[in-house]
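Trainee: Below are the C-alpha cells for one structure; questions will follow.
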Amino acid sequence: MAKKIFIGATGQNCGKTTISVSLMHLARKKYNKVGFIKPIGPKIEIYDDFIVDMDAVLMAKAFGLEEDIAIMSPVALHKDFTKDYLNGRLDDLSLSDCIIEAVEELDSKYDLLIIEGAGHGGVGSVIGLNNARVAKMLNAPVVIVTDSGIGRVIDAVHLNLALYERERADVRAIIVNKLLPKKRESVLGYLGKAFVNTGLQVIGGFNFSPVLANPTLGHICKLLKLPLHGNQDEKSRIINHIQLGAASSQRVIDGLLDSTLLILTSSRDELIVTLASLYHIPEYKAQIAGLVIAGHVPVSKISQQILDDSNIPYIRVEKTTATVFTALSEDVSKITAEDQEKLNWIKTNAERDVDFAAIDALL
C-alpha cells in the first residue's frame, strides 16, 4: 500500500499545483514509484480521448505517468456536470466509488500517492464530495496550502479547518506559499505562534516569483483560442509585462520592458514594421516577447510580409485591443506541461524552499 498525502488549499491560486509538482519531484528522490490523482477535476481538457482535469494532464506529461491518465481524474466536471447532477441525470453514477476504485488501483502501484484537491475545502460540495470529505474517505493526511500573510492566512486556514474538522479529516500541516524573501522567517515565525495550540505544523513553501505568476505565450494562445504565428520556439517564453501599443511608435519602443507582450491594432502599420525590424536585434528581442494584433481591419500586404519574414511571434485576433487587454489582465496563469521554464524553476527551487523531509515525516 502507498503512503498518501492530500494537498488542500485555502482558495484558488495559492500555488497548490506548484506544491504538487515540487512534491512529486522531491518524493521521487526517496521513493521508487510516486503516483498522482486529482479526484475532483473542475478544469478539464481532452487527452487521449479521455476527459480529464488539466492538472492530471500536467502531471502525466511532466512525470511520465501517461499510462495512468484514465484513472488520474476519476470525476471530471464537464461544462454542465453540476446542472446534470442536480437534475438527477447522473443518479446512476456512484462518484465516490469512481474515486475509491481509482485510488485503490493506484495504491497498488505506488509507494507514495499525491492526491490534489480542487480549490478551497468546500469545492465539490454540490455533488456531495467536498475536499474535506474526499480526504476523509481516502484516509489521506491533509496539508493545506495558503498564500503568504499573517492575519488573512490565519483567518483563511481556520475557515477551512472548520469543514475538515466537521468531516473528521486528518489535517496535519499548512504550507505557506508565495513568501516574500525578506519577510519569510518573520511570517513563518508568527504563523507558528498562531497555530501552536492546534497541532498543525507550519511549513514554508516557495518564495514569490514572477516566473510562476506570469503567463507564457502558449498560455495566451490557449486563453484566446488562437494559434501562435512566427517563432514557435517562443511558446514557453514567460511574459513579464503586457502593454498597449497606443502611443507613437517611438514612445512604444522607449517604453518596452523586459519580455513585453504588446497589444496593438492591425492598422498600426508603422508600429508593426518597426517592431518586426527590431526583433532581429538581440537587445530588443529580449524586450519583445510577442505581439497581439487586434482588430477587424486586415494588416496591409507589405506589413504582413515584413511581419512574417521577421519571425516575430504574434497572435492575430479580431477583438478590440481593449477587450484583449482586459482579458489578459484578469487572467491567472496556470502551469501546463508545455511550460518547461516554469517546471524547471519549480524543480530547482523546490530543493531550496520546500522541506520535503518535514512533510514526509507527517505521513
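The values are calculated or read from the model by the stated rules, or taken from the named source; none is laboratory data. These numbers come from a predicted model, not from an experiment. Neighbour counts run over all protein chains shown; Cβ positions are idealised from the backbone, glycine included. Keep in mind that these areas ignore ligands, DNA and RNA; they rest on the heavy atoms of the full protein, side chains included. Shrake-Rupley method; radii C 1.70, N 1.55, O 1.52, S 1.80 Å.
Trainee: Could you tell me which GluC sites (Glu not before Pro) in the range 299-363 are loop residues by DSSP with no more than 13 other beta carbons within 10 angstrom of their beta carbon?
Mentor: On the way: sites: 318, 330, 338, 341, 351; in loops: 318, 338.
Taking the range 299-363 and a limit of 13 other Cβ atoms within 10 Å, the loop GluC sites (Glu not before Pro) found are 318.
Trainee: I want to verify a result. In a Gaussian network model of the chain, Cα cutoff 10 Å, which of these has the top mean-square fluctuation: 24, 59, 137?
Mentor: 137
Trainee: Over what distance in Å are the Cα centres of the range 278-313 and the range 208-254 separated?
Mentor: Centre-to-centre (Cα) distance: 12 Å.
Trainee: Enter the accessible area of residue 284 (Å², nearest 10), with the probe set to 1.4 Å and all protein chains included.
Mentor: Roughly 60 Å² of residue 284 is accessible to a 1.4 Å probe.
Trainee: How large is the Kirkwood hydrodynamic radius of the range 116-162, in angstrom, based on all distinct alpha carbon pairs?
Mentor: Details: mean 1/r = 0.0878 Å⁻¹.
Every distinct Cα pair counted, the radius reaches 11.4 Å.
Trainee: Still on this structure: Under a point-charge model restricted to the Cβ atoms of Lys and Arg (+1) and Asp and Glu (-1), what is the dipole moment magnitude of the range 1-157 relative to its Cα centre, in debye to the nearest 20? All intermediate terms of the calculation are to be shown ahead of the outcome.
Mentor: Details: 17 positive and 21 negative charges, 153 e Å.
In total the dipole reaches around 740 debye.
Trainee: What Kirkwood Rh does the range 1-154 have if only Cα atoms enter the pairwise 1/r average? Answer in Å. Present the calculation step by step, with values, prior to reporting the outcome.
Mentor: Numbers: mean 1/r = 0.0636 Å⁻¹.
Every distinct Cα pair counted, the radius reaches 15.7 Å.
Trainee: Taking all protein chains in place and a 1.4 Å probe, what share, in percent, of the accessible surface of the range 229-363 do carbon and sulfur account for? Please report the intermediate quantities before stating the final value.
Mentor: On the way: 3430 of 6490 Å².
It is 53 percent, rounded to a whole number.
Trainee: Please state the charge dipole magnitude for the range 208-363, taken about the Cα centre, from unit charges on C-beta atoms (+1 on K and R, -1 on D and E), reported in debye and rounded to the nearest 20.
Mentor: Here the size comes out at about 420 debye.
Trainee: Over the range 74-167, what percent of the accessible surface lies on carbon and sulfur atoms, probe 1.4 Å? Kindly include the intermediate steps, with their values, before the conclusion.
Mentor: Working: 2130 of 4330 Å².
Result for the range 74-167: 49 percent of the exposed heavy-atom area is carbon or sulfur.
Trainee: Which value, in Å² and to the nearest 10, is the accessible area of residue 14 when all protein chains are kept and the probe is 1.4 Å?
Mentor: Result for residue 14: roughly 10 Å² accessible.
Trainee: Taking the chain as a Gaussian network, Cα atoms linked when under 10 Å apart, which of 74, 282, 39 shows the biggest mean-square fluctuation?
Mentor: Looking only at 74, 282, 39, the largest GNM fluctuation is found for 282.
Trainee: So, one more: Where the convex hull is taken over the Cα atoms of the chain, what is its projected area averaged over directions, in nm²?
Mentor: On the way: hull surface 80.9 nm².
Taking a quarter of the hull surface, the average projection is 20.2 nm².
Trainee: Provide the per residue accessible area, probe 1.4 Å, for the range 187-281, rounded to a whole number of square angstrom. The partial results should precede the final answer.
Mentor: Working: 4330 Å² over 95 residues.
Accessible area per residue, the range 187-281: 46 Å².
Trainee: Charges at C-beta only: +1 for Lys and Arg, -1 for Asp and Glu. How large is the resulting dipole of the chain about its Cα centre, in Debye rounded to 20?
Mentor: Details: 39 positive and 44 negative charges, 201 e Å.
It comes to approximately 960 debye.
Trainee: How about the range 177-285: which trypsin sites (Lys or Arg not before Pro) there lie in a loop by DSSP and see at most 14 other Cβ atoms within 10 Å?
Mentor: Details: sites: 178, 182, 183, 184, 193, 222, 225, 235, 237, 251, 268, 285; in loops: 178, 225, 235, 237, 268.
Passing both the DSSP loop test and the Cβ count: 225.
Trainee: If one computes P(r) from the Cα atoms of the range 269-345, what percent of pairs lie at distances over 15 Å? Present the calculation step by step, with values, prior to reporting the outcome.
Mentor: On the way: 1904 of 2926 pairs.
Above the 15 Å cut-off, the range 269-345 has 65 percent of its Cα pairs.
Trainee: What trypsin sites (Lys or Arg not before Pro) in the range 47-104 are in a loop by DSSP, with at most 14 other Cβ atoms within 10 Å of the Cβ?
Mentor: Numbers: sites: 61, 79, 83, 89; in loops: 79, 89.
Sites meeting the loop and neighbour criteria: 79, 89.
Trainee: Quick check: Cα centre of the range 1-36 to Cα centre of the range 75-134, how many Å?
Mentor: A separation of 18 Å, based on Cα centres.
Trainee: Can I ask one more? When the helix-only estimate is applied to the chain (DSSP H runs of n ≥ 4, each -39,500 (n - 2.57), divided by the residue count), what is the mean residue ellipticity at 222 nm, nearest 500 deg cm²/dmol? Mind showing how you got there, number by number?
Mentor: Values: 16 runs with 146 residues, N = 363.
That comes out to -11500 deg cm²/dmol.
Trainee: Whole number in Å², please: accessible area per residue of the range 48-157, 1.4 Å probe, ligands, DNA and RNA not counted.
Mentor: 43
Trainee: Compute a Gaussian network model of the chain, connecting alpha carbons closer than 10 Å, and tell me which residue from 321, 336, 17 fluctuates the most.
Mentor: Maximum fluctuation in the GNM of the chain, among the listed residues, is at 321.
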